[in-house]
Amino acid sequence: MITPVQRTALLLPAMMTVGLVLIAPLCLIGYVSTLQRGDYGGVIWGRHTAEAYMQFLFERDLNDQLVLNGDYVRIILRTLSLAALTSLVTFVLAFPTALWMSFQPPSRRTLLLFVVTVPFWTNLLVRNYAWMLILKNGGVLDRLLVELHLRTTPLNLLYTPAATLIGLVYSFLPYMILPIYVSMEKIDRRYIEAAFDLGANRLQVVRRIIFPLAIPGIVGGIILVFVPALGAFVSPELLGGAKSMMVGSLIQQQFGQARNWPFGSALAFVLLALILLSLWLRALRFNLRPRAATP
């Protein structure tokens, strides 16, 4: 039997690794967010201020007075809405795809899983540049619509929130398909057969049997899509441009061109808070589920 001292000794390497690569950088980011910005970038060590967090709602005018500024709040709300919409669209596309895959013969499922994971083999930057060629004015999509006599003018999709959404959905769709597929594959087919024997149609089987049993995979897929979509940088930067800036691009801008490390750190902390909130809501959802009574 393992003693408490032995258990602690076994856990110590993992705890030290987590502390070194996760907790220590987060503490450093939190500390930098409370420092004063340097005159030429960087920070002034040892001089603490709440200026970075005040910048979310206020800015200083020419008289050094605080005035209300809602630009950063709008960027955060845009990030939340695009991440939520990405999760919704990927779910709508992934659920029927995973349902169809789970009812294929085992030999074909392997091939379908291979097809779903093929996009991971290509660099994300290359894939987004490909979408730029498709969505730009006079690009592949515009030419196709003209050839089909569906439009005579460009769609003007590139550098819009719609283009950002397309890039995010394309990038994160496999993260939604795979968890849902795993949950559906584990469903006991006898439940479905019993539902058909009792007179249920296909829609009722999906709604009352398959969907409830696939909820763990659905929730897992939503978390896997929503969390990285909050901090997405490549798709908003290349496909959205300045018109649909998200928090990830704003953080890069603060550490790059703006040279405002405290505000960039504060933004990173807010993004972390949003991620932890989503994970907490998921944990709360499963903790509140009624558990089966044990004899």
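The values are calculated or read from the model by the stated rules, or taken from the named source; none is laboratory data. Keep in mind that what you see is a predicted model, and the values were worked out from it rather than measured. Positions of Cβ are backbone-derived with ideal geometry, glycine not excepted, and every protein chain shown enters the neighbour counts.
Yes or no, residue by residue, for (1) under 19 Å from Arg109 (Cβ atoms); (2) surrounded by 14 or more Cβ atoms within 10 Å (Cβ to Cβ); (3) in contact (Cβ under 8 Å) with a residue 24 or more places away in the chain:
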site: Glu185; (1), (2), (3): yes, yes, yes
site: Glu193; (1), (2), (3): no, no, no
site: Asp197; (1), (2), (3): no, no, no
site: Ala200; (1), (2), (3): no, yes, no
site: Pro216; (1), (2), (3): no, yes, yes
site: Val219; (1), (2), (3): no, yes, yes
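If the Cβ limit is 6 Å and pairs must be 6+ apart or interchain, which residue in segment 126-147 that is among the hydrophobic types (A, V, I, L, M, F, W, C) pairs with which residue that is loosely packed, with under 15 Cβ neighbours inside 10 Å?
Cβ pairs passing all conditions: Ile134/Val140; Leu145/Arg151.
Take the conditions more than 25 Å from Gln104 (Cα to Cα), among the charged types (D, E, K, R) and either within 27 Å of the chain's Cα centre (by Cα) or at pLDDT below 85 (or both) and apply them to Arg151. Does it pass?
Yes; evaluated as a whole, the condition is true for this residue.
Identify, by number, the condition in (1) out of contact with any Leu (no Cβ under 8 Å at 6 or more places or on another chain); (2) under 17 Å from Ala98 (Cα atoms); (3) surrounded by 13 or more Cβ atoms within 10 Å (Cβ to Cβ) that Asn156 doesn't meet.
Just one mismatch for Asn156, condition (2).
It is to be established whether one or more residues within segment 117-134 are at pLDDT 85 or above, more than 21 Å from Ile218 (Cβ to Cβ), of a type in the set (Phe, Trp, Tyr) and within 25 Å of the chain's Cα centre (by Cα).
yes
Could you give me the residue pairs with C-beta distances under 6 Å whose first residue belongs to segment 46-65 and is within 11 Å of Thr34 (Cβ to Cβ), whose second residue is surrounded by 12 or more Cβ atoms within 10 Å (Cβ to Cβ) wherever it lies, and which are 6+ apart or on separate chains?
Arg47/Gln36; His48/Thr34; Thr49/Gln36; Ala52/Ser33; Ala52/Pro262; Ala52/Phe263; Ala52/Ala266; Tyr53/Ala266
Would you mention how many residues in segment 11-66 are of a type outside the set (D, E, K, R) and not in a helix (DSSP H, G or I)?
So the count comes out to 22.
Confirm whether Thr117 is of a type in the set (S, T, N, Q) and farther than 17 Å from Glu237 by Cβ.
Yes.
Under 6 Å between Cβ atoms, at least 6 apart or on separate chains: pull out the pairs that start in segment 92-103 with a residue that is in a helix (DSSP H, G or I) and end on any residue that is of a type in the set (A, V, I, L, M, F, W, C) and crowded, with 22+ Cβ neighbours inside 10 Å.
Ala94/Met176; Ala94/Ile177; Ala94/Ile180; Thr97/Ile177; Ala98/Ile177; Ala98/Ile180
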